[in-house]
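S.K.: Sending over a structure as structure tokens; questions will come in a sec.
The values are calculated or read from the model by the stated rules, or taken from the named source; none is laboratory data. Just so we're clear, the structure is a prediction, and the values are computed from it rather than from any experiment. When we count neighbours, we look across all protein chains shown, and the Cβ atoms used for this are built from the backbone with ideal geometry, even at glycine. Please note that ligands, DNA and RNA were not included when accessible areas were found on the heavy atoms of the full protein model with its side chains. Shrake-Rupley method; radii C 1.70, N 1.55, O 1.52, S 1.80 Å.
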Amino acid sequence: MLISLNWLKGGLQTDNISDEELVKLIGARLVEVEGVIDQTHKYDKIYVVEVKYCEAIEGTHLHLCKIDDGGVASDVERDENGYVQVMCGAPNVHEGMFAVWIAPGAIVPQTYNTDEPFEISMRKMLKKYDSYGMMAGADELDLGDDHSGIVEINPALAKPGKTLSETFGNLNDKILDIENKSLTHRPDTFGILGFRREVAGILGQKHTTDTWYTAPEQLFENDSSVELDIQIDENLCPRYTAIVFEATEPNVNPYLDFDATLLARSGMRAVSPIVDATNIIMLATGQPLHAFDYDKFVAVGGSKTPKIIVRAAKKGEKLELLDGTVAELDENDIVITSNDIPVALAGAMGSASTAIDENTKRVILESATFSLYNLRKTQMKHGIFSEAITRFTKGQPAGQTKAVAIRFAEKASKYLKPLALFDTQKTEPAPIEVSVSLDQINGLLGSDFSADEVKTILENVEFKVSCDDNVVNVIIPFWRTDIHIAEDIIEEVGRLSGFDNIAPVLPLHGTSTPNEMFALKSQIRNHFSARGANEVLTYSFVHGDLMQKVGQKPENSYKIINSISPELQHIRQSIVPSLLDKSYANLRAGHDQFALFEMNQVYPRNLGVDNQQVPQGSHELGFVFATQKEQSNYYIAKKYLESLLSSLNISFEIVEFESNETNSYYEPKRSATIKSGDVVLGYIGEIQRKVLRGFKLTNGTAAFELSMAKLLSAKGEVNSKDFRTSDYPAVLRDITLTVASDAKYDAIEAQLRAVLDGFIYKLAPTSIYQAEGSATKNLSFHIEFAAPDKTLTKAEISDIMKKLEAVK
């Protein structure tokens, strides 16, 4: 978003603050300023001139002109009348017109702030005519895209020798490039009125918005003969205001005007007087407007009087937009229809079928607000990123539509006569009131504000405030749609006064009651990290496709209405699917094998909501072990699980797998339920092959998940010596034992551990194989062991290995 600093400073007291300091304050207390585009010398040596003489040069497209610049330019030759000779090829140049002259030594504005600025100089044309400077078109002045001719200045404004900047109210400007994503919750700041109000508050100045905005007065009477029926779906369109106009002048302006210069500095281009008026009003208030040709609107609908119906689009409906593209619509789009025939994609773009032009006799002006959630989907689907839809997707307040429509009627009065106003909202809703104690404000901010100071801070930005003893009562203006609770008011006080002005004092709080969940997480984190596992932190918001990949039903998850991305629309039901998603990226990065774990909250619907309808969450631990080659990783995951629960002194057992809607990604025949007594702590197992194919993971990938709350209830006293390391070299061996087919794995493992008792070791199963019909099976293990106090000799290692291989 681009904001003219000159426009912004209008009505503010900024004599005692530099532009640099002002920009710094805006960045600290309102929004990040990505850059400042310096145009303070962009229009130097560019003047309004009168063409005193103009003669076409035969056989060329050129004209020999003599211009009156009031004698202000230096380093030019003048004739006996003091006029300057300029050659011009524009077809519209004529004697008596007022034009814009770029004098020698000036930079063509179109090239200003570019890598190759173009400086105008005297040139000899047709080998015999000296031409000093040039008369410029709108594109060369960077005030439009028109290259059909040179711009013409209204004689009522023109004075030969006056600079172009002075003529149009100081074009020597600085443009603020605003990073508007951080203002998503502040639709009021997408207009210069709201942005200026915030800056006034930051500067400690009282701001008062003009009454045309806060208390609009309709200065024209409705013509009872004018009919307009408006039907809206309030879920899609909370309010729709319209004014019907009669055109009194053609929608054409032959002159360069103030609106064109202001639009250019705001990143837009002039189109026509009526369209320009809608855009200027939008830049001022943040409220987009749209103008329909009344008669075309009626013709499309096929009725004698226009009938506006705002509804959801139907799947498969098509609409040809103003830019010539044909949009294929669906139920997420909102359409403006004439008697149920679509004529505009609401909030985004109109269609050519109802566009105004120089022949327009009557106009319908639309001032409405639409569902920001639908328009965000429309914006992304159709790739429309106009200034209008950018503002609509922030949720423009319904309270301003009427005031803005009436303001347009005043601004466009030269071209349009208002006939009648129509509004779907008959009564204004009661304002929101919020009360907050002074103790709450100072307690949360760590400040020492008095009631009067809080009152002044808030009243500067037009909150209505009263103080009752220690309580501050605040009436919220209609444009502050982001203020609902006491904490919002506290944030306003801190932000406007400057968080950096609050003394950084550490808060005092009791330490006698430790956070048990925090301590448990730290213990688990330390335990797994010491064993080579890697902690990750993934989004709690996931795509519906991720849940479908693992067999979960998206309808069992809460859906985010205003998600930050189309790929993050659901709150996840469990953590393991996110870890599976991240495992593929790590395998692609070349890691042979790894363990990932995450501790976070999940919000499956079956946990319900609290008494304030807030979804209830559960702290969960998720763990995944993945490898490049196909192998059974169940026992490796099981070893991590046993080690963890042992370190927490939790007695547990592995029992038959109990499937549910959340853990549907486990292979039932190779998975189990983890219980402590009668309490289900979680689940462990290999992931189903069809799920692994969806993630491009190898077969055998294993995982487990545990309820942190249940771990906290079940855990005993912590054994701080649950893991040891040796300062001496470790021995790495792989062995395979042939045992009876009915031999229990636990018994074999226990014998191996008995041999290794006294050493520092790691024991990990790698495979189990049994040929069909065989009376024996092979158990393979990877073993690492070291002595705690010396380096083992070859003889000692050989003796240990013989004992291990003798296990049956």
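S.K.: Scan region 78-88 and tell me whether some residue there is within 30 Å of SER497 (Cα to Cα), charged (D, E, K, R) and open to solvent by 40 Å² or more (accessible area, probe 1.4 Å).
M.R.: Taking every residue of region 78-88 in turn, none turns out to be within 30 Å of SER497 (Cα to Cα), charged (D, E, K, R) and open to solvent by 40 Å² or more (accessible area, probe 1.4 Å).
S.K.: Working only within region 678-699, note down all residues that are touching a residue at least 24 places away in the same chain (Cβ under 8 Å), open to solvent by 10 Å² or more (accessible area, probe 1.4 Å) and more than 26 Å from ARG525 (Cβ to Cβ).
M.R.: GLN688, GLY694, LYS696, THR698, ASN699, listed by residue number.
S.K.: Quick check on this structure: which one of LEU171, LEU236, LEU193 is at pLDDT 95 or above, outside any helix (DSSP H, G or I), open to solvent by less than 40 Å² (accessible area, probe 1.4 Å) and in contact with a helix residue (DSSP H, G or I) (Cβ under 7 Å, 6 or more places away or on another chain)?
M.R.: Of LEU171, LEU236, LEU193, the one residue that is at pLDDT 95 or above, outside any helix (DSSP H, G or I), open to solvent by less than 40 Å² (accessible area, probe 1.4 Å) and in contact with a helix residue (DSSP H, G or I) (Cβ under 7 Å, 6 or more places away or on another chain) is LEU236.
S.K.: While we're looking at this one, here's another question. Before we move on, is ALA277 in contact with a helix residue (DSSP H, G or I) (Cβ under 9 Å, 6 or more places away or on another chain), open to solvent by less than 20 Å² (accessible area, probe 1.4 Å), part of a strand (DSSP E or B) and small (Gly, Ala, Ser)?
M.R.: For ALA277, the condition - in contact with a helix residue (DSSP H, G or I) (Cβ under 9 Å, 6 or more places away or on another chain), open to solvent by less than 20 Å² (accessible area, probe 1.4 Å), part of a strand (DSSP E or B) and small (Gly, Ala, Ser) - is not met.
S.K.: With the checklist (1) open to solvent by less than 40 Å² (accessible area, probe 1.4 Å); (2) not assigned by TED's automatic domain parsing to the domain that holds LEU157; (3) not β-branched (Val, Ile, Thr) in hand, flag the one item GLN13 doesn't pass.
M.R.: It is condition (1) that GLN13 fails.
S.K.: For ILE67, state whether it is surrounded by 18 or more Cβ atoms within 10 Å (Cβ to Cβ), among the hydrophobic types (A, V, I, L, M, F, W, C) and farther than 21 Å from GLU50 by Cβ.
M.R.: no
S.K.: While we're on this one: Could we say that ILE243 is within 30 Å of ILE389 (Cβ to Cβ) and assigned by TED's automatic domain parsing to the domain that holds ILE389 here?
M.R.: Against the criterion (within 30 Å of ILE389 (Cβ to Cβ) and assigned by TED's automatic domain parsing to the domain that holds ILE389), ILE243 qualifies.
S.K.: How many residues does region 741-758 hold that are among the small types (Gly, Ala, Ser) and in contact (Cβ under 8 Å) with a residue 40 or more places away in the chain?
M.R.: 1
S.K.: Looking at (1) under 25 Å from ALA764 (Cβ atoms); (2) open to solvent by less than 30 Å² (accessible area, probe 1.4 Å); (3) out of contact with any Leu (no Cβ under 6 Å at 6 or more places or on another chain), which is the only condition SER557 fails?
M.R.: Result: SER557 fails condition (1) only.
S.K.: Which residue pairs have Cβ atoms under 6 Å apart, sit 6 or more places apart or on different chains, and have a first residue in region 414-439 that is assigned by TED's automatic domain parsing to the domain that holds ILE243 and hydroxyl-bearing (Ser, Thr, Tyr) and a second that is open to solvent by 80 Å² or more (accessible area, probe 1.4 Å) and outside any strand (DSSP E or B)?
M.R.: TYR415/GLU249
S.K.: Identify all residues within region 636-664 that are surrounded by 19 or more Cβ atoms within 10 Å (Cβ to Cβ) and either at pLDDT 95 or above or in a helix (DSSP H, G or I) (or both); write none if there are none.
M.R.: Within region 636-664, ILE636, ALA637, LYS638, TYR640, LEU641, LEU644, LEU645, SER647 meet the criteria.
S.K.: Same structure again: Could you go through region 335-342 and let me know if any residue there is on the phi > 0 side of the Ramachandran plot and surrounded by 24 or more Cβ atoms within 10 Å (Cβ to Cβ).
M.R.: No, there is no match, as no residue in region 335-342 is on the phi > 0 side of the Ramachandran plot and surrounded by 24 or more Cβ atoms within 10 Å (Cβ to Cβ).
S.K.: Would you please name the residue that is farthest from PHE541 (Cα to Cα), looking only at residues in region 596-635 that are of a type in the set (Gly, Ala, Ser) and open to solvent by less than 30 Å² (accessible area, probe 1.4 Å)?
M.R.: My answer is ALA626.
S.K.: Follow-up question, since we're still on this one. Going residue by residue through region 740-757, is there one that turns out to be over 30 Å from LEU644 (Cβ atoms), open to solvent by 40 Å² or more (accessible area, probe 1.4 Å), of a type in the set (A, V, I, L, M, F, W, C) and in a loop (DSSP other than H, G, I, E, B)?
M.R.: No, because not a single residue in region 740-757 is over 30 Å from LEU644 (Cβ atoms), open to solvent by 40 Å² or more (accessible area, probe 1.4 Å), of a type in the set (A, V, I, L, M, F, W, C) and in a loop (DSSP other than H, G, I, E, B).
S.K.: Among GLY443, GLY395, GLY399, which is open to solvent by 30 Å² or more (accessible area, probe 1.4 Å) and either aromatic (Phe, Trp, Tyr) or outside any strand (DSSP E or B) (or both)?
M.R.: Only one candidate qualifies: GLY443.
S.K.: Now for a separate question. Looking at this structure, is ILE37 surrounded by 15 or more Cβ atoms within 10 Å (Cβ to Cβ), touching a residue at least 12 places away in the same chain (Cβ under 8 Å) and assigned by TED's automatic domain parsing to the domain that holds LEU157?
M.R.: In short, no.
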